[in-house]
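Notes follow once the structure below has been shown.
The values are calculated or read from the model by the stated rules, or taken from the named source; none is laboratory data. Every value quoted in this text rests on a predicted model; they were computed, and no experiment measured them. Using ideal geometry, Cβ is built from the backbone for each residue, glycine included, and neighbour counts are taken over all protein chains shown.
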Amino acid sequence: MTNNPKKILISTLIATVFIGLGFFVYFGARDYIQGPVIRLSVGRYEPPTEKDVFTVEGNTRNIAFITLNGNPIFTDDNGYFKEQLLLAPGYNIITVEAKDRFGRIKKKAFDLVHIPRSPTVSTETATTTAILRDNRLSASTDSI
């Protein structure tokens, strides 16, 4: 059997179409294959903070539902979210959990230590001044 140039061309075109179709299917389905993706702007371990409120922000892909410490949050059209948390004194674990439409769950957590500021106490003192003028006593009180 001789290799006909027409058969070689047809075989090459068919192979190219199948390879192209394979790449198309792979790149179209890779988001579904990959599952939910969470990217946080904070690291796994954050340094201790004195702030009472901490901002958690990040980006997500391929999600249908997302929670921050069990409470639902919302993302914009690009998957970006930014939420503020009131920290408890001491050790805090912040958890972001995302679920895709197929039920697959991705969870990211990080630790944060909140060292509350010691309360500031201000004291005020009053000054009383007494003046004797023309056999009359007058007094005044100044507070700081």
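Laid out as a table, the results:
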item: Members of the range 6-63 that are among the aromatic types (Phe, Trp, Tyr) and over 21 Å from the mean Cα position of the chain (by Cα); result: 18, 23, 24, 26, 27, 32
item: Scan of the range 60-107 for residues that are free of Cβ contacts under 8 Å to residues at least 12 places away in the same chain and under 24 Å from residue 34 (Cβ atoms), ordered by number; result: 72, 73, 74, 76, 77, 103
item: Test: residue 42 is of a type in the set (Val, Ile, Thr), in the same structural domain as residue 104 (by TED's automatic domain parsing) and modelled with pLDDT of 80 or more; result: yes
item: Residues satisfying the stated conditions in the range 84-124, i.e. assigned to a loop (DSSP other than H, G, I, E, B) and small (Gly, Ala, Ser); result: 88, 103, 118, 122
item: Checklist (1) modelled with pLDDT of 90 or more; (2) within 13 Å of the chain's Cα centre (by Cα); (3) in a loop (DSSP other than H, G, I, E, B) applied to residue 81, failing item; result: (3)
item: Residue tally, condition within 17 Å of residue 100 (Cα to Cα), in contact (Cβ under 8 Å) with a residue 40 or more places away in the chain and either part of a helix (DSSP H, G or I) or not β-branched (Val, Ile, Thr) (or both), over the range 33-44; result: 2
item: Considering residues of the range 45-72 that are polar (S, T, N, Q) and surrounded by 12 or more Cβ atoms within 10 Å (Cβ to Cβ) only, the residue farthest from residue 96 (Cα to Cα); result: 49
item: Selection from the range 1-44 of residues that are surrounded by 11 or more Cβ atoms within 10 Å (Cβ to Cβ) and over 22 Å from residue 92 (Cβ atoms); result: 7, 10, 11, 31, 32, 34, 35, 36, 37
